[in-house]
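Trainee: This structure is in structure tokens; I'll ask about it shortly.
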């Protein structure tokens, strides 16, 4: 039986000033389980990315609260509580619409820096030949899109940058993986490989994926349940 990773209270809502963006439908609380894949779906401008920003603790709800139950702590995210950025940062990874890559590093090192192993120095994060298991894991991820690891990140296309951003998330040990339209401009065959890796990751690590996608059919096929935002109301559909 899966444990809970996120509880969203029945009085949860978010407003910009006096303009309500969304609230819980019929004041029903929502529980997200560890090991699950959850989609977020709604029309343009309904607040999907805003909801991701709240789940990422970049924004705070106007009313109500979100409780994150990671392995080592319970974290209540509400209006009067300051973020513990270290704890949150170690447990959440996000794939943004615009990939956050370091152009001065090659593709291998852009993935390598997304996780530092125990007792691994900063400089050894970039070293080759020290940790064969780590190198094998990164090279296996790069092979999804036939990357060698030596590519100049600055010259990658938008779609290729999106692939590397996905691989960064997959390489991390995050318990919560937040994906904002992660498959845009990526070839369908690679999308299927990435989906397989996310499904494998959630099963092996009991981690959770929350994903925004515009293709409702694709989202339904990939997700265990979908959070919908409709008429400013947020609800969970199994």
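The values are calculated or read from the model by the stated rules, or taken from the named source; none is laboratory data. In this text the structure is predicted, and so the values were computed from the model without any measurement. Virtual Cβ from ideal backbone geometry, glycine too; neighbours counted across all protein chains shown.
Trainee: Determine the pairs where a residue that is touching a residue at least 24 places away in the same chain (Cβ under 8 Å) and at positive phi, located within segment 136-149, has a partner that is surrounded by 12 or more Cβ atoms within 10 Å (Cβ to Cβ) and not in a helix (DSSP H, G or I) with Cβ atoms under 7 Å apart, the partner being 6 or more residues away or on another chain.
Mentor: If the second residue must be surrounded by 12 or more Cβ atoms within 10 Å (Cβ to Cβ) and not in a helix (DSSP H, G or I), the pairs left are 149/106.
Trainee: Evaluate the following for residue 165: is it touching a residue at least 60 places away in the same chain (Cβ under 8 Å), part of a helix (DSSP H, G or I) and either within 13 Å of the chain's Cα centre (by Cα) or under 20 Å from residue 51 (Cα atoms) (or both)?
Mentor: Values: touching a residue at least 60 places away in the same chain (Cβ under 8 Å): yes; part of a helix (DSSP H, G or I): yes; either within 13 Å of the chain's Cα centre (by Cα) or under 20 Å from residue 51 (Cα atoms) (or both): yes.
So residue 165 passes the test.
Trainee: Return the residues of segment 160-184 that are more than 15 Å from residue 103 (Cα to Cα) and out of contact with any strand residue (DSSP E or B) (no Cβ under 7 Å at 6 or more places or on another chain); say none if nothing qualifies. Write out each step before concluding.
Mentor: Of segment 160-184, the ones more than 15 Å from residue 103 (Cα to Cα) are 166-167, 169-184.
Selection gives 167, 170, 171, 173, 183, 184.
Trainee: Cβ-Cβ distance below 6 Å, separation of 6 or more or different chains: which pairs start in segment 185-210 with a residue that is touching a residue at least 60 places away in the same chain (Cβ under 8 Å) and at positive phi and end on one that is outside any helix (DSSP H, G or I) and surrounded by 14 or more Cβ atoms within 10 Å (Cβ to Cβ)?
Mentor: So the pair list comes out as 206/34; 206/35.
Trainee: Of everything in segment 198-217, what is buried (at least 16 other Cβ atoms within 10 Å of the Cβ) and touching a helix residue (DSSP H, G or I) at 6+ places or on another chain (Cβ under 9 Å)? Give them in sequence order. I'd like the intermediate steps shown before the answer.
Mentor: So the first thing to find is which residues in segment 198-217 are buried (at least 16 other Cβ atoms within 10 Å of the Cβ), and the list is 198, 201-202, 206-213.
The answer is 198, 201, 207, 208, 209, 210, 211, 212, 213.
Trainee: Which of (1) at pLDDT 95 or above; (2) crowded, with 19+ Cβ neighbours inside 10 Å is the odd one out, the single condition residue 190 does not satisfy?
Mentor: Here residue 190 meets the rest and fails (2).
Trainee: So which residues in segment 198-217 are assigned to a helix (DSSP H, G or I) and over 17 Å from the mean Cα position of the chain (by Cα)? Step through it out loud before you land on a result.
Mentor: Going through segment 198-217, the residues assigned to a helix (DSSP H, G or I) turn out to be 198-205, 216-217.
Scanning segment 198-217 gives 216, 217.
Trainee: If a residue has to be in contact with a helix residue (DSSP H, G or I) (Cβ under 7 Å, 6 or more places away or on another chain) and part of a helix (DSSP H, G or I) to count, how many in segment 168-197 make the cut?
Mentor: Selection size over segment 168-197: 8.
Trainee: Test residue 55 against the criterion of being at pLDDT 95 or above, closer than 23 Å to residue 231 by Cα and either buried (at least 17 other Cβ atoms within 10 Å of the Cβ) or out of contact with any helix residue (DSSP H, G or I) (no Cβ under 7 Å at 6 or more places or on another chain) (or both), and give yes or no.
Mentor: On the way: at pLDDT 95 or above: no; closer than 23 Å to residue 231 by Cα: yes; either buried (at least 17 other Cβ atoms within 10 Å of the Cβ) or out of contact with any helix residue (DSSP H, G or I) (no Cβ under 7 Å at 6 or more places or on another chain) (or both): yes.
Here the answer is no, as residue 55 does not meet what is asked.
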